[in-house]
Amino acid sequence: MTFRALLTSQNDKVLSHEITELPDDRLPDGDVTIAVDYSSLNYKDGLILTGRGRLVKDYPHIGGIDLAGTVLESQSSRWTVGQRVLLTGFRVGEIWWGGYATKARVKSEWLCEVPAAISSRQPWPSAPPGSRPCSPLTCSRRPACARSEEHTSELQSHLNLVCRLLLEKK
């Protein structure tokens, strides 16, 4: 099995980004594997994608400091296949691979359940200022996040890569 990801690499202190297909065995250790539906682009993601802030210590790396999706596999009694989950914090996207991929593997204690009454996307409007949800649905309609004057052209190109990754999700 494979997954698509926005992979950030570093060579001679220069960052490069590519959307690539990776085998599932490259996912980090964890007890829950998630099919990622949404991630956001916010200030900390911008620092990570541009190499500012020195938040990432090991490359190659998958950024995205938050994610929402559906449990694909679980070794935890707390989570079952098909449950919708949300994750933010725990240095995901910094020292742990994050949400800019079609799959993520994380520790079960980091997850929160998305209530049945709302969609996976609905948690994002309550996210901190600067967060911008990005998904196949919103990216196909060029979301406000892609038109925002807050983003520099460099961040815009990274947002476009993230959107392309999610649009091409199998």
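The values are calculated or read from the model by the stated rules, or taken from the named source; none is laboratory data. Only a predicted model underlies this, so the values are computations on that prediction, with no experimental measurement involved. Here the Cβ is made from the backbone with ideal geometry for all residues, glycine too, and neighbour counts use every protein chain on show. All accessible areas refer to the heavy atoms of the entire protein, side chains included, with ligands and DNA or RNA removed. Shrake-Rupley method; radii C 1.70, N 1.55, O 1.52, S 1.80 Å.
Observations
- Strands (runs of 3 or more DSSP E) contained in region 13-84 and holding at least 3 residues modelled with pLDDT under 95 and more than 15 Å from residue 111 (Cβ to Cβ): 14-23
- Test: residue in region 65-83 that is within 10 Å of residue 32 (Cβ to Cβ) and acidic (Asp, Glu): yes
- Evaluation of residue 81 against (1) open to solvent by 60 Å² or more (accessible area, probe 1.4 Å); (2) aliphatic (A, V, I, L, M); (3) in contact (Cβ under 8 Å) with a residue 12 or more places away in the chain (one fails), failing number: (3)
- Long-range neighbours under 7 Å by Cβ, at least six apart or interchain, first residue in contact (Cβ under 8 Å) with a residue 24 or more places away in the chain and basic (Lys, Arg) within region 46-60, second part of a loop (DSSP other than H, G, I, E, B) and open to solvent by 40 Å² or more (accessible area, probe 1.4 Å): 57/95
- Among the residues here, residue 94 does not qualify as under 25 Å from residue 20 (Cβ atoms), surrounded by fewer than 19 Cβ atoms within 10 Å (Cβ to Cβ) and of a type in the set (Asp, Glu).
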